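Here you go, one structure.
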Amino acid sequence: LSLFESFKSLDIRVGTVTSVDFFKKMIKPSYKLTIDFGNNSVLKSSAQIQDLYTEALTGTQVIAIVNFPKKQIANFMSQYLVLGIVENDEVVLLRPDKRVKNGLKIS
């Protein structure tokens, strides 16, 4: 596959965080995120973002890859990969600068 074809194979979408819960089973502080990607698609994942974010993240929109294989993390099944910028072990989440419809595809 070409680099462009590889990029096109990623299903990157916007969704709204509907719940943020502390992930107690993780060694590194993490949250369990539930995100509404529209069209009755509500998925769960974990993210090591506690350095910069709190439970107040609920209601904000984020960008995620939704077609990665599911991954078992401790006693939890991660269903997507939330995207962020990593600097010095801190993650800044990628987010739209204005509210858009859940589930819209990034291209």
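The values are calculated or read from the model by the stated rules, or taken from the named source; none is laboratory data. All values derive from a computational prediction rather than experimental measurement. Cβ: placed from backbone, ideal geometry, glycine included. Neighbour counts: every protein chain shown. Keep in mind that these areas ignore ligands, DNA and RNA; they rest on the heavy atoms of the full protein, side chains included. Shrake-Rupley method; radii C 1.70, N 1.55, O 1.52, S 1.80 Å.
Somewhere in the stretch 52-65, is a residue of a type in the set (Val, Ile, Thr), in contact (Cβ under 8 Å) with a residue 24 or more places away in the chain and touching a Gly at 6+ places or on another chain (Cβ under 7 Å)?
yes
Moving on to the next point. Tell me which strands (runs of 3 or more DSSP E) are completely within the stretch 23-91 and hold 1 or more residues being touching a Leu at 6+ places or on another chain (Cβ under 7 Å), or say none if there are none.
Details: elements: 31-36, 42-47, 61-65, 71-73, 76-78, 84-87.
In the stretch 23-91, the matching strands (runs of 3 or more DSSP E) lie at 31-36, 42-47, 61-65, 84-87.
Still on this structure: Need pairs with beta-carbon distance below 8 Å; first residue under 17 Å from Leu52 (Cβ atoms) and within the stretch 90-107, second in a loop (DSSP other than H, G, I, E, B) and modelled with pLDDT of 95 or more; sequence gap 6+ or separate chains.
Going by the 8 Å Cβ cut-off, the qualifying pairs are Leu93/Leu83; Leu94/Leu83; Arg95/Thr60.
For the structure I just gave you, tell me whether Leu33 is within 15 Å of Leu94 (Cβ to Cβ), touching a residue at least 24 places away in the same chain (Cβ under 8 Å) and open to solvent by 30 Å² or more (accessible area, probe 1.4 Å).
Working: within 15 Å of Leu94 (Cβ to Cβ): yes; touching a residue at least 24 places away in the same chain (Cβ under 8 Å): yes; open to solvent by 30 Å² or more (accessible area, probe 1.4 Å): no.
The answer is no for Leu33.
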